[in-house]
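Below: one structure, written as structure tokens.
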Amino acid sequence: METDQSAEQRAQVELHSLRLPDGPPLPVSILSETEKNRAAAFRSCAARRLFVGGRILCRNIIGNLVGSAPQALSVAITASGRPYLRDYPDIDFNLSHTRDRIVLAICRGGRIGIDIERLDAFSEKEAGEIMPMILSELELNQVHQLDTRHRHEAFLACWVQKEAALKCFGQGFLADPQSVILMPGKTTFSFESQVSGEPIFIRSGRIGGEETGDFQWAIATSKAAAKPQWQHHKNGIFL
Ligand SMILES: CC(C)(COP(=O)(O)OP(=O)(O)OC[C@H]1O[C@@H](n2cnc3c(N)ncnc32)[C@H](O)[C@@H]1OP(=O)(O)O)[C@@H](O)C(=O)NCCC(=O)NCCS
């Protein structure tokens, strides 16, 4: 279990959050040509804004971490769409966004996946329809024993944990979320799950969204990590 690992064996995780309210188009000058082309291909301005904002956030934060100019970072993409750093194999990162919030997780010494969802991401009806596709039979039975409000909260927590796990391994929803089995760990928000035979470690919680409401988040790491702190950035820092 993760608590048996010494500090040196643990992955080092940083979590960053950027609120991105509506505004004029974001500058794409530090993006690669591939990223600029992808940004130009979005039909939805909001989706383009989240994509560009995510790349600006990760290029600035990771560039600063490795001592590189943001535009000089080489961000490649796997066949299943997962971005990674071609020149820094010991540093992994992952992005998630929802409406006006972008989060970035960086991990040294292991792989990482992150997911964030607004607390009102699903209506009761939607949650009821999606649950059987996401939860295992055991998990489904457990959430059905809860009252409506707690059932909704438990489902959202499972959703972000499973999505973070699938993003950690890189397949996203190409893999079956029911294959991720969440098991209570030694701390409240720490779980161990199994996909493709490999154990992974999950932390989950909520962050406040000021006037935009609250968010449920989860990170999944291939190695146990010390409890990370959130760093909240104002968009003027990067944009
Ligand atoms: C990964 C996935 C679960 C993300 O879903 P989403 O609703 O967009 O959720 P999030 O906002 O949390 O995450 C988006 C970010 O995850 C990252 N991502 C994309 N594909 C990923 C993957 N396979 N594994 C891990 N992370 C991935 C990207 O950084 C993306 O943001 P960006 O496009 O702005 O760079 C979903 O896109 C998926 O299942 N993809 C895999 C299969 C697929 O459809 N591939 C098509 C492209 S080849």
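At-a-glance table
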item	result
Gaussian network model of the chain, springs between alpha carbon atoms under 10 Å - residue of G113, G208, G54 with greatest fluctuation	G208
Environment charge at A41 (Cβ cut-off 12 Å; Lys +1, Arg +1, Asp -1, Glu -1)	+3
Net +/- balance of residues flanking V75 in space, Cβ distance below 14 Å, scoring K and R +1, D and E -1	+2
Contour minus Cα-Cα distance for D22 and S179 (0.36 nm per residue)	52.8 nm
Integer Hz, Karplus 6.51/-1.76/1.60 couplings in order for the stretch 24-32, x for Gly and Pro	x, x, 7, x, 10, 4, 8, 7, 6
Backbone HN-Hα couplings from phi across the stretch 151-156 [Karplus 6.51/-1.76/1.60, Hz, Gly and Pro as x]	5, 4, 5, 5, 5, 4
GNM flexibility winner over the chain from E139, E35, E129 (Cα, springs under 10 Å)	E129
Sparsely packed trypsin sites (Lys or Arg not before Pro) within the stretch 73-130, loop by DSSP, other Cβ within 10 Å at most 12	R86
Euclidean distance of C-alpha centroids, the stretch 83-101 and the stretch 4-68, integer Å	7
In order through the stretch 72-89: 3J(HN,Hα) via Karplus (6.51 cos²θ - 1.76 cosθ + 1.60), integer Hz, x for Gly, Pro	8, 5, 9, 9, 9, 9, 6, 4, 9, x, 7, x, 8, 8, 4, 8, 10, x
Set of lysines with alpha-carbon distance to K162 below 23 Å, sequence-local pairs under 8 removed	K125, K186, K223, K227
Projected area averaged over orientations for the chain, convex hull of C-alpha atoms, nm²	13.4
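None of the figures in this text is laboratory data; all of them are computed from the coordinates on show. Note that the coordinates shown come from a computational prediction; the quantities given were computed from them, not determined experimentally. Cβ sites come from the backbone with ideal geometry, for glycine too, and all protein chains shown count toward neighbours.
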